[in-house]
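See structure below.
The values are calculated or read from the model by the stated rules, or taken from the named source; none is laboratory data. For clarity, every value in this text was computed on a predicted model and none was experimentally measured. Methodologically, a virtual Cβ is constructed for each residue, glycine included, from the backbone with ideal geometry; neighbour enumeration extends over all protein chains shown. Side chains included, ligands, DNA and RNA excluded: accessible areas come from the protein's heavy atoms. Shrake-Rupley method; radii C 1.70, N 1.55, O 1.52, S 1.80 Å.
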Amino acid sequence: MAKLTFENIGKSFDGVPALSDISTTIKDGEFVALLGPSGCGKSTLLRLMAGFDLPTTGQIRIGSDVVADAGTGRSVPPEARNIGFVFQSYALWPHMSVRRNISYPLEVRGLPRADRDAQVDAALEATALTPYGDRMPSDLSGGQRQRVALARCLVLDPTAVLLDEPLANLDVALRASMQEVFLDFHHRTKATMVYVTHDQSEAMAMADRIAVMDQGRILQIDTPEALYARPRSRFVAEFIGQGAVVPLVDTIENAAMVLGARVAVQSETATPTHACLRPENLTLGENGDLRVTVERATYLGGSYRLTLKTLCDHLLVAETRQRHTAGEQLGLSISNPWAFAA
Ligand code: ADP
């Protein structure tokens, strides 16, 4: 296991930048999700880690080993990086049984049969596949195939495991149970894991830290809680969780005019320009600081999510246990929102 370091990584295709200024470290044993909209560069970054592609600028290190360096042209080939992969397409060998799929990489490494068998048995057990060892991949469900791909990673004892949208082809119910399988895998192996997804809830449910990406850059890499509570940009505030970004006026010390109400704000910058209003920053009540109109009420089971329109046409999201209907006028108070320079 090892940490992964990226220093000033850039990648262009025919002069068009797909990644710029990526400088970050993924800690040994950490589970990091790369999260962002389609085309933001997640897969490209994963491919550079794997060694399938070379960066245009910068250096990548696994532990203290330089595996890619645009300056010198050095690039350690994928098979020498000892990295495991799990793709959404499973990439199993269709003509080999489950057992053979898992043991084949060990055969290539020249491991004696008895050692191979012992390791394959352990990997089958760790992924709850023991009864399926003799089946062919075509006789397995999507979730089972994905577990074979994980078992194959497990026997290789990789330095890191890279996963590219591994659940994208599975139905919603199976996704939740496969998230548990990945977490259990991480717990057992303590492997450094990098997980590409465009699904915020998947990243929140599994990752120690999430790197939020947009247009080839990492905008913020933080714990799910920190991204939600302390976003550093408008994009992160809007991409993670529910909420609305509104401008601040007349900011003095830790207070500002927010939608016409004087409100204490929290920030890590001296010159915040916008605040993120999460549902927990909003309280409905007759004596509120501002007037809003209910645009939409959605029942969540136990509570309602209200979309509220302010007098200056901002849409806010609040949650309440009380039933309200569209068109109703309500009072609203804002407390302690997080503010940043957008
Ligand atoms: P994501 O995984 O976030 O959806 P990608 O890393 O696949 O995004 O793509 C990032 C950008 O790089 C996109 O604009 C994509 O079109 C471009 N790109 C990726 N691979 C290639 C390639 N082999 N040739 C040309 N452009 C590419």
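Observations on the model:
- So residue 38, is it touching a residue at least 60 places away in the same chain (Cβ under 8 Å) and out of contact with any strand residue (DSSP E or B) (no Cβ under 9 Å at 6 or more places or on another chain): yes
- Just so you know, in region 185-203 the residues that are in contact with a helix residue (DSSP H, G or I) (Cβ under 8 Å, 6 or more places away or on another chain) and open to solvent by 50 Å² or more (accessible area, probe 1.4 Å) include one that is farthest from residue 86 (Cα to Cα), and it is 200.
- Residue check, residue 307 under 27 Å from residue 219 (Cα atoms) and hydroxyl-bearing (Ser, Thr, Tyr): no
- Within region 214-230, residues that are modelled with pLDDT under 95 have Cβ atoms under 8 Å from residues that are within 16 Å of the ligand (Cβ to nearest atom) and outside any helix (DSSP H, G or I) in no pair, counting only partners at least 6 apart in sequence or on another chain.
- In region 36-44 there is no residue matching the filter, namely being among the β-branched types (Val, Ile, Thr) and away from the ligand (no atom under 12 Å from the Cβ).
- Members of region 204-243 that are acidic (Asp, Glu), touching a strand residue (DSSP E or B) at 6+ places or on another chain (Cβ under 8 Å), open to solvent by 40 Å² or more (accessible area, probe 1.4 Å) and under 29 Å from residue 185 (Cα atoms): 208
- Taking region 242-256 as the range and being out of contact with any Pro (no Cβ under 9 Å at 6 or more places or on another chain) and under 13 Å from residue 336 (Cα atoms) as the test, the residues that pass are 254, 255.
- Some residue of region 131-145 being of a type in the set (Ser, Thr, Tyr) and more than 19 Å from residue 174 (Cβ to Cβ): no
- When region 250-267 is limited to residues that are outside any strand (DSSP E or B) and in contact (Cβ under 8 Å) with a residue 40 or more places away in the chain, the one that is farthest from the chain's Cα centre (by Cα) turns out to be 260.
- If the condition is being within 16 Å of the ligand (Cβ to nearest atom), crowded, with 18+ Cβ neighbours inside 10 Å and hydrophobic (A, V, I, L, M, F, W, C), then region 51-67 contributes only 60.
- Among the numbered conditions (1) at pLDDT 85 or above; (2) assigned to a helix (DSSP H, G or I), the only one that residue 188 does not meet is (1).
- Region 76-127, subset in contact with a Phe, Trp or Tyr (Cβ under 8 Å, 6 or more places away or on another chain) and over 19 Å from residue 191 (Cβ atoms), residue surrounded by the fewest Cβ atoms within 10 Å (Cβ to Cβ): 93
- Close pairs (7 angstrom Cβ cut-off, 6 or more residues apart or separate chains): on the phi > 0 side of the Ramachandran plot in region 77-100, of a type in the set (S, T, N, Q) and open to solvent by less than 30 Å² (accessible area, probe 1.4 Å) anywhere: 82/159; 90/146
- Residues satisfying the stated conditions in region 12-35, i.e. within 8 Å of the ligand (Cβ to nearest atom), within 29 Å of residue 201 (Cα to Cα) and open to solvent by 10 Å² or more (accessible area, probe 1.4 Å): 18
- Selected residue (only one of 175, 147, 152 is open to solvent by 40 Å² or more (accessible area, probe 1.4 Å), under 24 Å from residue 104 (Cβ atoms) and either part of a helix (DSSP H, G or I) or modelled with pLDDT of 90 or more (or both)): 147
- Entry remark, region 14-29: residues being free of Cβ contacts under 8 Å to residues at least 60 places away in the same chain and in contact with a strand residue (DSSP E or B) (Cβ under 9 Å, 6 or more places away or on another chain) number 2 in total.
- Lone unmet requirement of (1) farther than 20 Å from residue 224 by Cβ; (2) surrounded by 21 or more Cβ atoms within 10 Å (Cβ to Cβ); (3) away from the ligand (no atom under 12 Å from the Cβ) for residue 7: (2)
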